[in-house]
Amino acid sequence: MARFQAAVDYNVGTNPVSVAVGDFNGDGKPDLAVGGSSVSVLLGNGDGTFQPAVNYGPGSGWGLAVADFNGDGKLDLATPLSVLLGNGDGTFQPAGNYGSRGNSVAVGDFNRDGKPDLAVPDKGSTNVSVLLGTAMELSKLRQLRFARISKFHRRGRFQHGWQLDLVVAMSSRWPNN
C-alpha cells in the first residue's frame with residue numbers, strides 16, 4: 001500500500017486541470033507548471049515544497065507539455081493554444097499563439113528531425129493537428145484525419161523500431177462539450 005504525507009495545497013489560477021514537471025530555472029530541482037484558466041509556475045525548493053505561483057496567460061485547457069521548443073537550451077511550456085518560451089530563470093515570455101482549438105497537447109519528435117513537435121486534437125472536429133517544430137518557430141499545421149472528436153492523447157513507441165507513434169482516444173460523447 002502506498003503511503004504519502006499530508007497534502008500541502010498551493011494557490012494557483014482558477015480551474016487547475018493539468019500539471020507538468022520540469023526544471024524551469026536550471027537549479028536541478030523539479031518545478032511545477034499547472035494549467036487551467038492561466039498557466040501557473042511554482043519553483044521547487046528541493047525539499048518537496050514550492051514557492052508561490054507566478055501566473056501566465058492565456059489558460060491551457062487540459063494539457064501542458066514541456067520541451068525546448070526554440071532550441072536555446074531552456075525549457076518552454078506548450079498549452080493546446082500557445083507556447084510560452086522560457087527565460088531559463090523560472091520566468092516565461094508572453095504566450096505566442098499557434099491557433100489550435102484543442103484541449104490537450106503532446107510533445108514528440110514525430111518527423112525525427114531532432115526538434116520537438118506538438119500534437120493537439122482539434123476540439124469540435126475530426127482532426128488532430130500536428131505542428132512540426134523548427135528551431136525558432138512552429139510550422140504550419142499538418143492535419144491527420146480521424147473518425148470522431150479527439151479528447152486525450154499521449155505519445156510513445158508502441159511497435160518495435162524507432163518511429164514515434166501517436167494514440168488518440170476518441171469519443172462521440174463528452175460531458176460539458
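The values are calculated or read from the model by the stated rules, or taken from the named source; none is laboratory data. Owing to the predicted nature of the structure, the values given are computational and were not obtained by experimental measurement. No Cβ is skipped: glycine too gets one built from the backbone with ideal geometry, and neighbour counts run over all protein chains shown. These area figures cover heavy atoms from the full protein model, side chains too; ligands, DNA and RNA do not enter into them. Shrake-Rupley method; radii C 1.70, N 1.55, O 1.52, S 1.80 Å.
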Residue-span extension gain [THR91 to SER37] - 0.36 nm each, minus C-alpha spacing: 17.6 nm
C-alpha center-to-center spacing [region 104-130, region 31-76] in angstrom: 19 Å
Computed FRET value (nearest 0.05) for ASN11 with SER125, which takes r as the C-beta separation and R₀ as 22 Å: 0.05
Accessible area of PHE50 in the full protein assembly, 1.4 Å probe (Å², nearest 10): 40 Å²
Area accessible to solvent at THR49, 1.4 Å probe radius, in Å²: 50 Å²
Inter-label distance for VAL21 and THR49, nm, one decimal - labels placed 7 Å from Cα along Cα-to-Cβ: 2.0 nm
